[in-house]
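Each remark here refers to the structure printed beneath this line.
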Amino acid sequence: MKKTAETSFYLFKFLGFEIKIDWSCIFLAIFVTWTLAIDFFPRHFPNCSMHTYWLMGLIGAVGLFLSIVCHELCHSIVGRYYGMPFKSIIIFIFGGMAETKEIPPSPKVEFLISFAGPLFSLILGLFFKLLLLFATNNNWPASLNGILFYFGMINIVLGIFNLMPGLPLDGGRILRAILWWWKNDLKWATTVACQGGIGLSFAMIFFGFLLIVQTIVIGGIWIVLLGFFMLNSAKICYKDFIIQESFGNDSIKKYIKTPSISLHSDITVQALADDYFQKYYHKIYPVTEEDGTLLGYVSLDEIKQIPKEKWPLILVRNMMLECSEDILIDGDTKVIDVLHMMRFPRNNRIIVAEHGKLYGTISFQDLMDAIFIKLSLK
Ligand SMILES: [Zn+2]
């Protein structure tokens, strides 16, 4: 396994799509295996050994993971057919996500991409139900019947749950596609679909609490958490839409203010503090040669670690850092991707370079100001 950005890990590649798994999945796997082994299977399929129930639980958890992967693959395959940049699928504690930051080009494409996942889950669920019928008629072992029963149920639940009409669920995207096609107003359609998502989230949180009150505690807590997660996602969906609408496919170069502030490596840390940090109030500064060749960068975090009395004695070249890929980008990088990088507090300001030379720096606030001005002038 090789590490990808953030908290997810690359697992394998299938049909050209990278399948990634988030660390939070470990909790999901343990939770699913445990509840299947000690409750679900013994309740529905008695008379198996405890050892068999744990094995069934483990197979059930793997089956759930593969069911989610298949569901997301269907979105991705249809998306790729219509030229959308679907590259990877990430599975995390509350399900899966076929990653793309772009809005489909038309309501029809949005509808087809969104509908493909739940449709496949429902077909897969039905297939397992039919296989279970065959298995029961032919007296297959109870353990196998149990697994088929669970696979059938989980895929049908995946299909139906995802069809609920609120973003970020597939049903929300389907609703947005229909409204978008109806009034030809994507912004309005997104707003309504996000409101649908927020309404559904509150309904789930309420339903979860109702289950907890009725002593179905674990299921209830799970639904409450899922409700809160959906609530947050519905808000993020709207924010992402506004960002996408504001920047489209613009590259970051367009938003860099020139001339940019940079410093030479032969100044002291004292001069760095006085003439840069206390003058421009940026948290990072690129270090360059005379001709603009980028050498590295200095940040507030590093200067804070040096005792103040040593500031006049140390040169920037002795404390500067190498520009790693989480702080340095190419001028042609899309704004949407830059904002994605800026989700982490360390990357509040990013250095932009072209052919090894400094182009400028840009902060999260600069981009937020750009959105505000764009929206104000519309
Ligand atoms: Zn889906």
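For this structure, a couple of remarks:
- Single residue of the stretch 116-135 satisfying the filter (touching a helix residue (DSSP H, G or I) at 6+ places or on another chain (Cβ under 6 Å) and more than 19 Å from Phe65 (Cα to Cα)) that is farthest from the ligand (Cβ to nearest atom): Ala135
Matching residues to (1) away from the ligand (no atom under 14 Å from the Cβ); (2) under 19 Å from the mean Cα position of the chain (by Cα); (3) within 28 Å of Leu36 (Cβ to Cβ); (4) acidic (Asp, Glu):
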site: Tyr53; (1), (2), (3), (4): yes, no, yes, no
site: Met56; (1), (2), (3), (4): yes, no, yes, no
site: Gly60; (1), (2), (3), (4): yes, no, yes, no
site: Gly63; (1), (2), (3), (4): yes, no, yes, no
site: Ile68; (1), (2), (3), (4): no, yes, yes, no
site: Glu72; (1), (2), (3), (4): no, yes, yes, yes
site: Gly79; (1), (2), (3), (4): no, yes, no, no
site: Tyr82; (1), (2), (3), (4): yes, no, no, no
site: Ile89; (1), (2), (3), (4): no, yes, yes, no
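- When residues of the stretch 140-188 are limited to those that are closer than 22 Å to Trp54 by Cα and not in a helix (DSSP H, G or I), the one farthest from the ligand (Cβ to nearest atom): Pro141
- Any chance Asp369 is within 30 Å of Ile236 (Cβ to Cβ) and surrounded by fewer than 15 Cβ atoms within 10 Å (Cβ to Cβ): yes
- Tabulated pairs, the stretch 221-237, first buried (at least 17 other Cβ atoms within 10 Å of the Cβ) and among the β-branched types (Val, Ile, Thr), second modelled with pLDDT under 90 and assigned to a helix (DSSP H, G or I), C-beta under 6 angstrom, 6+ apart or interchain: none
- All positions within the stretch 261-270 that are out of contact with any Phe, Trp or Tyr (no Cβ under 6 Å at 6 or more places or on another chain) and within 16 Å of Ser299 (Cβ to Cβ): Ser262, Ser265, Ile267
Rundown of residues vs (1) on the phi < 0 side of the Ramachandran plot; (2) assigned to a helix (DSSP H, G or I); (3) in contact with a helix residue (DSSP H, G or I) (Cβ under 6 Å, 6 or more places away or on another chain), yes/no style:
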position	(1), (2), (3)
Pro259	yes, no, no
Ser265	yes, no, yes
Asp274	yes, yes, no
Cys323	yes, no, no
Asp332	yes, no, no
Tyr359	yes, no, no
Gln365	yes, yes, no
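- Among the residues of the stretch 291-321, those identified as part of a loop (DSSP other than H, G, I, E, B) and within 14 Å of Thr268 (Cα to Cα) are Ile306, Pro307, Trp311, Pro312, Leu313, Ile314, Met319, Met320.
- All conditions in (1) of a type outside the set (D, E, K, R); (2) buried (at least 20 other Cβ atoms within 10 Å of the Cβ); (3) at pLDDT 90 or above; (4) over 28 Å from Asp39 (Cβ atoms) hold for Ser201, with the sole exception of (4).
- One residue from Leu175, Leu210 being out of contact with any Phe, Trp or Tyr (no Cβ under 9 Å at 6 or more places or on another chain) and either in contact (Cβ under 8 Å) with a residue 24 or more places away in the chain or closer than 30 Å to Leu73 by Cβ (or both): Leu175
- Any hit, the stretch 221-229, residues being at pLDDT below 85 and not in a helix (DSSP H, G or I): no
- Selection of the stretch 238-255 for residues being touching a Gly at 6+ places or on another chain (Cβ under 7 Å) and part of a helix (DSSP H, G or I) yields Ile252, Lys253.
- Any hit, the stretch 94-108, residues being within 14 Å of the ligand (Cβ to nearest atom) and either at pLDDT 90 or above or part of a helix (DSSP H, G or I) (or both): no
- Taking the listed residues Phe111, Phe40, the one that is modelled with pLDDT under 85, part of a helix (DSSP H, G or I) and either within 16 Å of the ligand (Cβ to nearest atom) or out of contact with any strand residue (DSSP E or B) (no Cβ under 9 Å at 6 or more places or on another chain) (or both) is Phe40, with no other qualifying.
- Once the stretch 331-378 is narrowed to residues that are within 23 Å of the chain's Cα centre (by Cα), charged (D, E, K, R) and modelled with pLDDT under 80, the residue that is farthest from Asp301 (Cα to Cα) is Arg343.
The values are calculated or read from the model by the stated rules, or taken from the named source; none is laboratory data. Keep in mind it's a predicted model, so treat the numbers as computed, not measured. Note: ideal-geometry Cβ built from the backbone for every residue, glycine included; neighbour counts use all protein chains shown.
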